[in-house]
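Encoded as structure tokens, the structure appears first; notes follow it.
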Amino acid sequence: MKDICCIGHITLDKIITPEHEFEQNGGTSFYFAYGMNQLPPKVSFQLVTAMAGKDMKAVDDMRRAGIDVICHQSRETVFFENKYGHNQNNRTQKVRAKADPFTVSQLQGLEARVFHLGTLLADDFSPEAVKYLSERGRVSIDVQGYLREVRGEDVFAIDWRDKLAVLKHTDILKLNEHEMEVVTGLTNPREVARRIADWGVREVVITLGSYGSLIYADGHYYEIPAYTPRQAVDATGCGDTYSTGYLYCRAQGMNYLESGKFAAAMCTLKLEHSGPFDGSIDDIQRLVEAG
């Protein structure tokens with residue numbers, strides 16, 4: 001029995017910014033796993049992913065780093081092209097290749113207290129797959145992939161077709177300021193949080209970029225500050241890093257405010273460089289204490 005099992009595709013990412021252009025691996029599962037691996041092993045963790053055989057070096061590297069990985073074969077590996085402007089909160093995407101969706105049969109035998117689903121595209125996890133996992137542990141979802149429809153190679157924001165069927169089996173939902181409006185049609189984060197809670201979600205986590213984040217749970221709001229980075233280098237994976245810190249703390253029984261501050265500080269430190277979080281828990285705690 002693991003404390004946290006993250007399920008999601010590892011991607012191939014091409015990152016384009018005004019200053020740089022480079023390729024790297026990515027995806028929620030990638031940033032989440034490496035982030036967890038940098039923290040003290042107070043929380044047991046397992047990654048479940050899927051890639052094409054030709055791209056397995058990413059998985060081999062993870063295993064060499066000490067990450068517990070189960071990898072299923074896929075005909076293709078997800079290939080994203082992410083282009084950022086000077087405002088790191090905004091990006092445009094293209095999908096050069098798609099991986100196979102996860103199936104219930106691939107999820108059988110997994111044991112965890114929390115399953116974190118790192119959705120990248122709308123068909124990654126069916127309602128049946130989410131229901132199956134909810135019967136075995138708590139379900140945490142990063143909503144981003146459910147709102148991405150691929151037409152050709154272009155990505156379009158869409159409403160979430162099966163949201164009510166999925167959310168009634170979801171304990172924790174993370175979404176950002178753009179996603180919250182697509183999911184609910186509302187623009188006020190507090191109203192969004194209440195609406196999603198009415199749909200059955202126990203913990204609603206809304207990240208608001210440089211404006212901080214909001215957590216709604218047990219009928220209470222928790223305002224989380226944003227920490228100022230020394231420089232904003234690469235926002236790719238910041239939301240995934242926030243989820244890492246938040247679930248790491250919640251798995252240890254820390255309260256919502258403590259967990260949110262830890263997550264926000266971890267996210268800020270990741271923003272200061274390209275690639276996954278590579279700092280330490282001491283770095284995070286110093287930033288939280290500094291305010």
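The values are calculated or read from the model by the stated rules, or taken from the named source; none is laboratory data. Given the structure is predicted, the values throughout are model-derived calculations rather than measurements. Here the Cβ positions follow ideal geometry from the backbone for every residue, glycine too, while neighbour counts run over all protein chains shown. All accessible areas refer to the heavy atoms of the entire protein, side chains included, with ligands and DNA or RNA removed. Shrake-Rupley method; radii C 1.70, N 1.55, O 1.52, S 1.80 Å.
Observations
- Residue check, Gly237 under 24 Å from Ile7 (Cα atoms) and either at pLDDT below 95 or of a type in the set (Lys, Arg) (or both): yes
- Scanning the stretch 116-133 for residues that are aliphatic (A, V, I, L, M) and part of a loop (DSSP other than H, G, I, E, B) yields Leu120, Leu121, Ala122.
- Meeting the requirement of 1 or more residues that are open to solvent by less than 70 Å² (accessible area, probe 1.4 Å) and at pLDDT below 90, the strands (runs of 3 or more DSSP E) wholly within the stretch 38-98 are 78-84, 91-97.
- Cβ pairs under 8 Å, 6+ apart, first in the stretch 197-211 and in contact (Cβ under 8 Å) with a residue 60 or more places away in the chain and at positive phi, second assigned to a helix (DSSP H, G or I) and surrounded by fewer than 22 Cβ atoms within 10 Å (Cβ to Cβ): Gly209/Glu177
- Filter result (buried (at least 17 other Cβ atoms within 10 Å of the Cβ) and under 19 Å from Gln231 (Cβ atoms)) within the stretch 250-273: Ala264, Ala265, Met266, Cys267, Thr268, Leu269, Lys270, Leu271
- Ser210 meets each of the listed conditions (1) buried (at least 19 other Cβ atoms within 10 Å of the Cβ); (2) assigned to a helix (DSSP H, G or I); (3) not acidic (Asp, Glu) apart from (1).
- Look at (1) open to solvent by 10 Å² or more (accessible area, probe 1.4 Å); (2) without any contact (Cβ under 8 Å) to a residue 24 or more places away in the chain; (3) farther than 25 Å from Glu128 by Cα and you find that Thr184 fails only one, number (3).
- Residue satisfying all of: in the stretch 9-37; touching a residue at least 24 places away in the same chain (Cβ under 8 Å), more than 16 Å from Ala97 (Cβ to Cβ) and assigned to a loop (DSSP other than H, G, I, E, B); least open to solvent (accessible area, probe 1.4 Å) among these: Thr17
- Candidate set from the stretch 216-232 (those that are in a loop (DSSP other than H, G, I, E, B) and within 25 Å of Leu271 (Cβ to Cβ)); member that is least open to solvent (accessible area, probe 1.4 Å): Tyr227
- Only one entry in Ile158, Ile141 is among the aliphatic types (A, V, I, L, M), touching a strand residue (DSSP E or B) at 6+ places or on another chain (Cβ under 8 Å) and over 19 Å from Ser29 (Cβ atoms), namely Ile158.
- In the stretch 119-175, residue farthest from Thr49 (Cα to Cα) [restricted to those that are open to solvent by less than 40 Å² (accessible area, probe 1.4 Å) and basic (Lys, Arg)]: Lys163
- Residue in the stretch 197-204 that is crowded, with 22+ Cβ neighbours inside 10 Å, touching a Pro at 6+ places or on another chain (Cβ under 6 Å) and either at pLDDT 95 or above or farther than 20 Å from Ile4 by Cα (or both) present: no
- Hits in the stretch 103-118 (condition: open to solvent by less than 10 Å² (accessible area, probe 1.4 Å) and farther than 12 Å from Val78 by Cβ): Leu107, Ala112, Phe115, His116, Leu117
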